[in-house]
Amino acid sequence: MLSSCDSLKDFTYTVTTNPLEMHGDSVQVKIEVKVPEKGIGKKIVAEITPKLGSQTLEPVKVAGEKIQIGEKSIPFNPGGKVVYDRTYAYDPSFENTDLEISLKAYKGAIGTKEMKKEAFESKKIAEGTIITPFLVQPDFKVVSLKEEYKEIKEFNAGGGPQDINIVATATINFDKGRSELRANEMKDADIVALKEWLKTNARNSRLVIKKITVDGYACPDGVESKNVTLSGNRVSTALKVIESLIKETKYPAIDLKLLSITNPNGEDFKGFEDLLKKSSLGSDEVSLINRVIKETSDLDTREKKIKEISKVFTTIEEDIFPKLRRAEIVISYSIVGYSNDELKSIVASNPSSLKLDELIQAAEVTSDLKTKQSIYTTALGVKADDKLVLNNLGVLMYEQGKYDEAKSYFEKAGKIESSQVNKNNLAAVAGKKGDFETARKLLDKNTLAEAKFNLGYFSIKRGKYADAITAMKGTNSFNLALAQLLNGKADEAIKTLDACETKETAEWFYLKAVANARLNNVEGTVSNLKSAIAKNSSLKEKAGKDKEFRNFTSNSSFSSLIK
């Protein structure tokens, strides 16, 4: 033995993290080698080689003060230290093993023929590797689209959705200066249609009349004060027509005083201008008439001029004025749609009778996945390119683990609109299929809460636990609990696990056992590990190798679990 090398045995080794820890798929090996005073001869070189699992790691050379070689030259007095800091890709052999170092001493310059060497016995300096980050679950959230279902739909009679083909408006025309109902007025098409509408809906319990608006008008060819009275009288006549029709059709009693809104509007100058534009008169003639009207602010004077103009232009007297002498009836009503319970019943018996919005709502309130899928498939028959239906069918496939089918539906929805929801859902599928690069690209700059949660998975994989906590905050998920644990907050991890929607799985119990182990809670560790192994027997072998439980190997309750 080289007598000058005996002191190398006094080197001390401090591993910064003991056991070692895997983060971001790699393991940092950081060793502080302390050389005591007179701990290395002036012409001695010590070659220190760490070994972890099946891998012999890069060596480090420490030289005496008269040899300039290796990592560092250490003075004979007062000694010193050298720090070995390397990062290695994780290898499975790193887990259930020890970090050892072997030491060789050389006298003289390394590489010369005269070199003498001596090998020392290997020495354990740290436990194996904690690989708890591998517990991260590929848990990606997808987003369903929702559409507000209006159980009560408001309409003006004759308006509303395109599939409501009813005409319930009517216009009553009057003779010049009169407000009495004309003999043949009740035979006009619009009055007949109003009568038919009332008759059709007389027993329709889902239709509720909300209000009846009656607007009375006069043409601007008389005295203003008289025309106001005349328009009011025409309103009264229209109300009597409504009363007559309600009685004749046996429509349920309507309190017209409560529901009717009456507007005696007097002279209809706006209507006159609108009809003038649509008339057979030339543009120059229309411009002349409009200029005369607009330049006359006094109503009586304007009426006289309109009257004079109408004598010159017979079109006004024959075609325009008659259309202004009227009362307009507009019925506003609501359709009470199917309740959720009714929708469920109809879906079970005759789903094809429902409209698109009703099918979507029926699917929304249905919990059974197969029934929900059937409803959305029926909805596609109504509208094949509906992005909501396509997206939500994709969500259903995803929830059943049918990722290829989910991707197909999401891609079809994306062709209609490439939204943040669509990109998030495609990213979730990519993540489940192991295409993490595509998933990250799709999630980039996505502001959805679900997208941020999904990015949390990748933050854990990269060892960015604080980022993962921020991304998943408020979700009470397994991965959030894992991130909290890895960020040094085992107590918070336990609270999150207890609040998880999905709990008491084998993985849930195992992670809770690890959290309790970090808090040195023997009872919590053993009880949760026991439950984990009961649900998944393969976890017995894992627990036996897991350095998280290194402090419990001598505990009989723990030992009995992993035998």
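The values are calculated or read from the model by the stated rules, or taken from the named source; none is laboratory data. Values in this document were obtained by computation on a predicted structure and should not be read as measured data. Neighbour counts run over all protein chains shown; Cβ positions are idealised from the backbone, glycine included.
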Quiz item: Say we look at the range 93-124 and pick out the residues that are hydrophobic (A, V, I, L, M, F, W, C) and touching a helix residue (DSSP H, G or I) at 6+ places or on another chain (Cβ under 9 Å); which of these is modelled with the highest pLDDT?
Solution: Leu103
Self-check item: Qualifying residues in the range 73-97 (those that are touching a residue at least 60 places away in the same chain (Cβ under 8 Å) and in contact with a strand residue (DSSP E or B) (Cβ under 7 Å, 6 or more places away or on another chain)) - the one nearest to Ile31 (Cα to Cα)
Solution: Thr87
Practice problem: Determine whether Ala327 is at pLDDT 90 or above, surrounded by fewer than 16 Cβ atoms within 10 Å (Cβ to Cβ) and among the aliphatic types (A, V, I, L, M). | Solution: no
Self-check item: Subset tally (residues that are touching a strand residue (DSSP E or B) at 6+ places or on another chain (Cβ under 6 Å) and free of Cβ contacts under 8 Å to residues at least 60 places away in the same chain) for the range 29-45
Solution: 7
Exercise. Could you please let me know if Ala515 is buried (at least 20 other Cβ atoms within 10 Å of the Cβ), among the hydrophobic types (A, V, I, L, M, F, W, C), closer than 28 Å to Lys432 by Cα and under 26 Å from the mean Cα position of the chain (by Cα)?
Key: no
Exercise. Kindly provide the set of residues from the range 520-562 that are outside any helix (DSSP H, G or I), in contact (Cβ under 8 Å) with a residue 12 or more places away in the chain and over 36 Å from the mean Cα position of the chain (by Cα), ordered by number.
Key: Asn520, Asp546, Asn555
Quiz item: Within the range 237-250, is there a residue that is closer than 30 Å to Ser339 by Cα and surrounded by 14 or more Cβ atoms within 10 Å (Cβ to Cβ)?
Solution: yes
Quiz prompt | Subset tally (residues that are surrounded by fewer than 20 Cβ atoms within 10 Å (Cβ to Cβ) and either touching a residue at least 60 places away in the same chain (Cβ under 8 Å) or outside any loop (DSSP other than H, G, I, E, B) (or both)) for the range 483-507 | solution = 7
Quiz item: at pLDDT below 90 and acidic (Asp, Glu): does that describe Glu180?
Solution: no
Practice problem: May I ask you to list pairs of residues, at least six apart or on different chains, whose Cβ atoms are under 7 Å apart, with the first in the range 390-408 being closer than 18 Å to Ser367 by Cβ and the second being in a loop (DSSP other than H, G, I, E, B)? | Solution: Asn392/Ser144; Asn392/Leu145; Val395/Val142; Val395/Ser144; Tyr398/Val142
Exercise. Go through Ser283, Ser231 for me and flag whichever is assigned by TED's automatic domain parsing to the domain that holds Leu181 and surrounded by fewer than 18 Cβ atoms within 10 Å (Cβ to Cβ).
Key: Ser283
Quiz item: Restricting the first residue to the range 199-216 and requiring it to be within 18 Å of Ala327 (Cβ to Cβ), which pairs with a second residue that is among the charged types (D, E, K, R) meet a Cβ separation below 6 Å and a spacing of at least six or different chains?
Solution: Asp215/Glu328; Gly216/Arg234
Self-check item: Boolean, Asp491 is at pLDDT 95 or above, of a type in the set (D, E, K, R) and out of contact with any helix residue (DSSP H, G or I) (no Cβ under 6 Å at 6 or more places or on another chain)
Solution: yes
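May I ask you to list the residues in the range 445-468 that are farther than 19 Å from Ser26 by Cα and either touching a Leu at 6+ places or on another chain (Cβ under 9 Å) or in a helix (DSSP H, G or I) (or both)?
The initial filter retains those residues of the range 445-468 that are farther than 19 Å from Ser26 by Cα, namely 445-455.
Passing the criteria: Asn446, Ala449, Glu450, Ala451, Lys452, Phe453, Asn454, Leu455.
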Quiz item: Is at least one residue of the range 262-273 modelled with pLDDT under 80 and either under 17 Å from Arg234 (Cβ atoms) or outside any helix (DSSP H, G or I) (or both)?
Solution: no
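Give me the strands (runs of 3 or more DSSP E) completely within the range 1-60, filtered to those with at least 2 residues that are modelled with pLDDT of 85 or more, among the polar types (S, T, N, Q) and surrounded by fewer than 20 Cβ atoms within 10 Å (Cβ to Cβ), ordered by residue number.
Once the strands (runs of 3 or more DSSP E) in the range 1-60 are filtered for at least 2 residues that are modelled with pLDDT of 85 or more, among the polar types (S, T, N, Q) and surrounded by fewer than 20 Cβ atoms within 10 Å (Cβ to Cβ), what remains is 12-15, 26-35.
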Quiz item: Looking only at residues in the range 330-357 that are among the hydrophobic types (A, V, I, L, M, F, W, C), surrounded by fewer than 20 Cβ atoms within 10 Å (Cβ to Cβ) and modelled with pLDDT of 85 or more, which one is farthest from Tyr251 (Cα to Cα)?
Solution: Ala348
Self-check item: Residue within the range 469-482 that is among the polar types (S, T, N, Q), closer than 18 Å to Thr505 by Cβ and in a helix (DSSP H, G or I) present
Solution: yes
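One line per residue, one yes/no per condition, for (1) within 13 Å of Gly216 (Cβ to Cβ); (2) touching a helix residue (DSSP H, G or I) at 6+ places or on another chain (Cβ under 8 Å); (3) touching a residue at least 60 places away in the same chain (Cβ under 8 Å); (4) of a type in the set (A, V, I, L, M):
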position: Tyr251; (1), (2), (3), (4): no, yes, no, no
position: Leu256; (1), (2), (3), (4): no, yes, no, yes
position: Lys270; (1), (2), (3), (4): no, no, no, no
position: Leu276; (1), (2), (3), (4): no, yes, no, yes
position: Ser279; (1), (2), (3), (4): no, yes, no, no
